Amino acid sequence: MGIFENIYFSFFVLIISFVLLFKSADFFVNGSVGIAELFNIPKMIVGIVLVGFATTAPEFFVSVQSAYLGHPEIALGNAVGSVICDDGLAMGLGAIAAPIAISIDSKILKTAGIFLISIDIIAYFFVMNGIFSRLEGFILLLFLFAYIYFVIATEKKRRKNSKENILVKENNNKDSEADNKKIKRYIIFFLLGLLGVVITSRMVIWSAINIAKFFKVSEIIIGLTVVAIGTSLPEISTSITAAIKGEGEIAAGDIIGADILNILWIIGCSAIVHPIHVEMLSAHFSFLWMLLIVSTMLISMRIGYKIGKPKGFILISLYSIYIYMTIKIFY
């Protein structure tokens, strides 16, 4: 009876967590958009860097903790599964939820898109021998630092050449005080949203793992599906919320940024904490599916530099096939 009570409680926690997660994402998007507007930062850049780091916090903590506790295969499954979930489910739902097709910044897509597919291929090459070593994890982190430097340097150059910045110094003290109040408010929104997203995501993961164990689902499925979906809920909720609010660029940037961070930050740190050994069947399966869905999303964004409902349905359909194949092969 105690087990059944526990499973009922897990389902209850899961439902409550979903509700709290979407509310937290609402705060999160408001804070992110406000910060972008006040500092004249392209919203897609905010999504790739700021929101991307924040929404991948659950993946980071779960994966690194899993590696530290001697379950690095869950860490790898979580990271790769999260990329698949972000591009197939989160971006798909965001595109469907958006009132109009989401516009994509062509310049940012070209650099971020090429970088994303490149590191996916590099990570796949690293795992070909059945292990992510500490050295390979360190190399992934170096790629991450180089990319962040490139993004910041590009943004500084853009701001330097922007005529709008010439007028900044003409603001009076009252405007400065008003801006300071706005900054504080947006930062509070952002931090409250981040805190809520991280806490509620952890609640979802706890309840989802309990449910998976109760139904005797194998560990690889937990990593690639349940845990990946659980830790991707911030991206899913943020993408849908941003799209509904008409801030699709934040959603698109968040997905691309989260993908880059899952490969470089999450796998990199996890491998440094504990070398990741993986069976070749699951490695080939997960990485090939990741490359397929990431490529489909990027091509969808490239066509017309917009992603709307039809493309969203294609991504969700691919993700559904992936889930079916995962259960079919590994269950």
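The numbers here are math on the coordinates, done by the rules we state, and not lab data. None of the values given here were measured: they were computed from a predicted structure. Cβ: placed from backbone, ideal geometry, glycine included. Neighbour counts: every protein chain shown.
Taking a 25 Å limit on the Cα-Cα distance, which of the listed pairs Lys216/Lys328; Lys184/Lys245; Lys107/Lys311; Lys23/Lys306; Lys156/Lys311; Lys43/Lys309 fall beyond it?
Beyond 25 Å: Lys23/Lys306; Lys156/Lys311.
Using the Cα atoms of region 86-150 to build a convex hull, what is its mean projected area in square nanometres?
Hull-based average projected area comes out at 5.8 nm².
Just the number: Rg to Rh for region 1-92, Cα atoms, Kirkwood Rh, two decimals. Spell out each step's value before the answer.
Details: Rg = 16.9 Å, Rh = 15.7 Å.
Rg divided by Rh gives 1.08.
For region 244-331, what are the per-bin percents of Cα-Cα distances with bins 5 Å wide, up to the bin holding the maximum?
3, 11, 17, 21, 19, 15, 9, 5, 1
Any idea what the dipole of region 11-113 comes to, in debye rounded to 20, about its Cα centre with Lys/Arg Cβ at +1 and Asp/Glu Cβ at -1?
The calculated dipole for region 11-113 is roughly 180 debye.
Rounded to two decimals, what is Rg over Rh for the chain when you use alpha-carbon atoms and the Kirkwood radius?
Result: Rg/Rh = 0.98.
For region 46-102, what Kirkwood radius comes out of the mean inverse Cα-Cα distance, in Å?
12.6 Å
Taking amide H atoms as placed 1.01 Å from N in the peptide plane, list the residues 5 or more away in sequence, or in a different chain, whose amide H sits under 5 Å from that of Ile102.
Here the answer is Ile307, Gly308, since their amide H atoms fall under 5 Å of that of Ile102.
Of the options Thr225, Ile236, Ser320, report the single residue whose Cα projects farthest towards the positive end of the charge dipole of the chain (beta-carbon charges: Lys, Arg +1; Asp, Glu -1).
Towards the positive end, the residue furthest out is Ile236.
Rounded, prolate or oblate: which fits region 14-53, taking a ≥ b ≥ c as square roots of the Cα gyration tensor eigenvalues, rounded meaning a/c under 1.5, else prolate when a/b beats b/c?
Here region 14-53 falls in the prolate category.
Compute the relative contact order of region 186-331 as a whole-number percentage, counting only Cα pairs closer than 8 Å that sit 6 or more residues apart in sequence.
23 percent
When the Kirkwood hydrodynamic radius is evaluated over all pairs of different C-alpha atoms of region 281-321, what value in angstrom, to one decimal, is obtained? Display every interim value, and only then the final one.
Details: mean 1/r = 0.0923 Å⁻¹.
Across region 281-321, the inverse of the average 1/r is 10.8 Å.
Calculate the dipole size of the chain relative to its Cα centre from +1 charges on Lys and Arg beta carbons and -1 charges on Asp and Glu beta carbons; express the result in debye to the nearest 20.
Around 760 debye, computed over the chain.
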